[in-house]
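Down below is the structure, laid out as structure tokens.
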Amino acid sequence: MTERVQLADMLAPSIDPETKKLGIRTLTARNDAGTRTEVRVRHFDIVATDEPDTMGGTNTAVSPLENVLVSLVGCDGVIIKGVADAIGFSYTGVDFECSGQVDVRGPKGVPGIRPYFEKIELKIVLYTDEPADRVKKLQDNVEYRCPVMNLLRSADVELDVTWEVEPAE
């Protein structure tokens, strides 16, 4: 979240803040002593993870760290929709470009090197004809509410998030 954001600019919660509600997420997975893991989530097709062959994998699926980036942009998409609906914000779509920097020595066990992202760059292109002050309100609330973005921030991952606005398509 940008440092210039005031709490007064944040939307009121869309849930009773005094009532704790747990959201449980459950999945099952199978790994046959290799780098590929097949995951079942609810009723959906199997989701697989693997590592690139350059990292000792079989390169048959996206890596777990790539899935973190997938989760980041997917979560932002969901939160953008929720915030837009809450404030009556009109937009026709969003494009994302995302990359993460990891020092590969970390997952290989080198002491003092973190085994996860050091930095993530995220570009969000929002297609809207809304005025700048409404775009800022959307942006600030999205960055405040996005669970994956805040999980990464809490892990001290440097997030370089830029928002661009293009006319509605």
Exercise. Being among the small types (Gly, Ala, Ser), modelled with pLDDT of 95 or more and surrounded by fewer than 18 Cβ atoms within 10 Å (Cβ to Cβ) narrows it down to one of 106, 74, 57, so name that one.
Key: 74
Self-check item: Odd one out for residue 42, checked against (1) farther than 25 Å from residue 103 by Cα; (2) in contact (Cβ under 8 Å) with a residue 60 or more places away in the chain
Solution: (2)
Exercise. For the stretch 34-58, enumerate the residues that are outside any strand (DSSP E or B) and in contact with a strand residue (DSSP E or B) (Cβ under 7 Å, 6 or more places away or on another chain).
Key: 36, 46
Quiz item: Filtering the stretch 126-149 down to residues that are β-branched (Val, Ile, Thr) and buried (at least 19 other Cβ atoms within 10 Å of the Cβ), which residue is farthest from residue 90 (Cα to Cα)?
Solution: 142
Quiz prompt | Residue ID - farthest from residue 65 (Cα to Cα), chosen from residues in the stretch 26-39 that are over 20 Å from the mean Cα position of the chain (by Cα) and surrounded by 14 or more Cβ atoms within 10 Å (Cβ to Cβ) | solution = 38
Quiz prompt | helices (runs of 4 or more DSSP H) lying entirely in the stretch 59-169 (those with 3 or more residues that are farther than 30 Å from residue 35 by Cβ) | solution = 64-87, 132-145
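The values are calculated or read from the model by the stated rules, or taken from the named source; none is laboratory data. Quick caveat, the model's predicted, so the values are computed rather than measured. Cβ: placed from backbone, ideal geometry, glycine included. Neighbour counts: every protein chain shown.
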